[in-house]
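Before any comments, here is the structure.
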Amino acid sequence: MLSKRVINVSESATVSTSAKAAKMTAEGRKIINFGVGEPDFTTPAGEINYAFEKAKEGFTHYTPSKGYVELRTKISKKINNNIHSLNADNIIVTPTKFAINLAVMAIADEGDEIIIPEPYFLSYPEICRIYGVKPVEVPTNDDFSLNLERIENSITPRTRGIIISNPANPTGKVFSTDEIKALQKLCIDEEIYFIQDQIYEELVFDGKIQDIVEMDPEMNHTILISGFSKSYAMTGWRIGYLASSREFIGAVDKLQQQTITCAPSISQMAAIYALDDDESPKAMKEVFRKRRELVYNMIRDIKGLNLIKPEGAFYVFPSYDLNISSVEFCKKILDSKGLLLTPGSAFGKQGEGHFRISYALSEDKLKEGIALLASFMDEQSKI
């Protein structure tokens, strides 16, 4: 009695593995969770206090479906960076993952295609499947850089867009200016949409995020998605945004009105404050930078593991030299060591033979967990 839509969609590997870890913890097992995809910080006090005061003032009702004009204006100014001329009409405020849903709903009909370079954020293909859209998974190069030739050869008359995360989840790759410009030009030339999910944009340690408005000032073929979850430790507030052309925003606004109505009013207030808070993201970034160095240096010394140094986000994506699937690898280490990792196959076929570690944990837990990983690899080498 269920729809094909529900049957054809898989569970989130990160959510389900975290649920398993929580169950094991409740049963008395000590678990170190390297699967979590959120900062371990509490939302900064300024954002919390501002939202609380605004709630007491009465901002607890529906907001305009696109979001408060004040917030949308602040977001447009952030994107503009004193260069472009976007305004509130180019922005819709919505939970970041729902922004991905809105983009797919708006650009693709059932049977259409969206190209997704691998390894990818695991929700991209499942969101496509919800709406009957075919995810076309295209491998990147060995260093996780974009393979433009493969992408171009994957375009068909039914292709409606290409979606990437930048910095990338799960690899931490920051795509170069040349890569993004070439990919965006391809989308413009082919008259399809370039969708860049840059939720980790404040967590770039090497390189920089290419300004995607530069090549498409009216954003007629460009969709930018971001939010406040990762940079301000606001995952539970469920607040983000989508930027594109005015016409596109008008279209997705109709979808928002008939689904979630609007983003939470209190969360929007916290976001208004956050956009004036330059210090919190900087402080968190420096903590993550130190953790990246710690994790990278420890893992590269473990025999049997190989790792490309991530340039952004808060993940590492090592490969291993054991002849078992990534699901089996992660199951064995969870059962034997109490260490939860996310199997690389959750992020596409190219992820097989890898696993993802989130280093959004304290240094003590990172050291303890990676010591368990080293012990596990040593034991496996002797089998």
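Observations
- For the pair GLN257 and GLU126 in one chain, pulling the backbone fully straight at 0.36 nm per residue adds 44.9 nm over the alpha carbon distance.
- Summary value for the chain: 23 percent relative contact order, contacts being C-alpha pairs under 8 angstrom separated by 6+ residues.
- Share antiparallel - DSSP beta bridges, the chain, percent rounded to 5: 45 percent
- Projecting the Cα positions of TYR320, PRO157, VAL204 onto the charge dipole of the chain (unit charges on Cβ atoms of Lys, Arg, Asp and Glu, taken about the Cα centre) puts TYR320 furthest along the positive direction.
- Highest-first arrangement of 357-363, 267-273, where packing means the average Cβ count within 10 Å: 267-273, 357-363
- Axis angle, to the nearest 10 degrees, between helix 279-299 and the longest C-alpha principal axis of the chain: 30 degrees.
- Between the C-alpha center of segment 264-317 and that of segment 67-96 there is a gap of 24 Å.
- Nitroxide proxy distance, nm - points 7 Å out along Cα→Cβ at SER319 and ARG158: 3.2 nm
- Each Lys and Arg adds +1 at its Cβ and each Asp and Glu adds -1 at its Cβ; summed about the Cα centre, segment 312-383 shows a dipole of about 140 debye.
- Average accessible area per residue (Å²) across the chain - probe 1.4 Å, nucleic acids and ligands excluded: 44 Å²
- For segment 172-308, the gyration tensor built on C-alpha atoms gives an oblate shape. Its axis ratio a/c (a ≥ b ≥ c) is at least 1.5, and a/b is not larger than b/c.
- Among 174-181, 78-85, 162-169, the order from most to least packed when residues are scored by Cβ within 10 Å on average: 162-169, 174-181, 78-85
- Gyration tensor analysis over the Cα atoms of segment 181-232 returns equivalent ellipsoid semi-axes of 23, 12, 8 Å (largest first, whole Å).
- Placed amide H near GLU118: partners under 5 Å, 5+ positions off or other chain: VAL138, THR140
- Whole-Hz couplings from phi, Karplus 6.51/-1.76/1.60, listed for segment 315-332; x for Gly and Pro: 10, 10, 9, x, 9, 10, 9, 8, 8, 9, 5, 5, 5, 5, 4, 5, 5, 5
- Peptides 3-15, 215-227, 138-150 ranked from most to least packed by the mean count of surrounding Cβ atoms within 10 Å: 215-227, 138-150, 3-15.
- Shape of segment 293-383, Cα gyration tensor, a/c cut at 1.5: rounded
- Residues listed by number, segment 23-38, amide nitrogen under 16 Å from LEU307 label point at 7 Å toward C-beta: 33-36
- Entry note, segment 260-383: relative contact order of 23 percent, from Cα contacts under 8 Å with a spacing of 6+ residues.
- The angle between the Cα long axis of helix 13-26 and the longest principal axis of the Cα atoms of the chain comes to about 60 degrees, rounded to the nearest 10.
- Whichever lysines have a C-alpha closer than 19 Å to that of LYS230, once near sequence neighbours (fewer than 8 apart) are set aside: LYS74, LYS78, LYS97, LYS173, LYS208, LYS282, LYS285, LYS290
- Along each principal axis, Cα extent of segment 1-108, largest first, Å: 52, 41, 32
- Backbone geometry of segment 236-242 corresponds, through the Karplus equation with coefficients 6.51, -1.76 and 1.60 at θ = phi - 60°, to 3J(HN,Hα) couplings of x, 7, 6, 9, x, 6, 10 Hz, x marking Gly and Pro.
- The mean sequence distance of close C-alpha pairs (under 8 Å, at least 6 residues apart), as a share of the length of segment 116-207, puts its relative contact order at 29 percent.
- Sequence-distant lysines (8 or more away, or on other chains) whose Cα lies within less than 16 Å of LYS382: LYS303, LYS332
- Karplus-derived 3J(HN,Hα), 6.51/-1.76/1.60, for each residue of segment 354-363, Hz, glycine and proline x: 10, 8, 9, 10, 8, 9, 8, 9, 5, 4
- Cα gyration tensor, segment 114-169 - rounded (a/c under 1.5), prolate or oblate: oblate
- Rounded to the nearest 20 debye, the dipole magnitude of the chain is 1100 debye, with +1 charges on Lys and Arg beta carbons, -1 on Asp and Glu beta carbons, and the Cα centre as origin.
- Cα-based values for the chain, radius of gyration first and Dmax second, are 20.7, 65 Å.
The values are calculated or read from the model by the stated rules, or taken from the named source; none is laboratory data. A quick note: this is a predicted structure, and the numbers were derived from the prediction, not measured. For neighbour counting, all protein chains shown are included, and Cβ atoms are generated from backbone atoms with ideal geometry for every residue, glycine included. Side chains included, ligands, DNA and RNA excluded: accessible areas come from the protein's heavy atoms. Shrake-Rupley method; radii C 1.70, N 1.55, O 1.52, S 1.80 Å.
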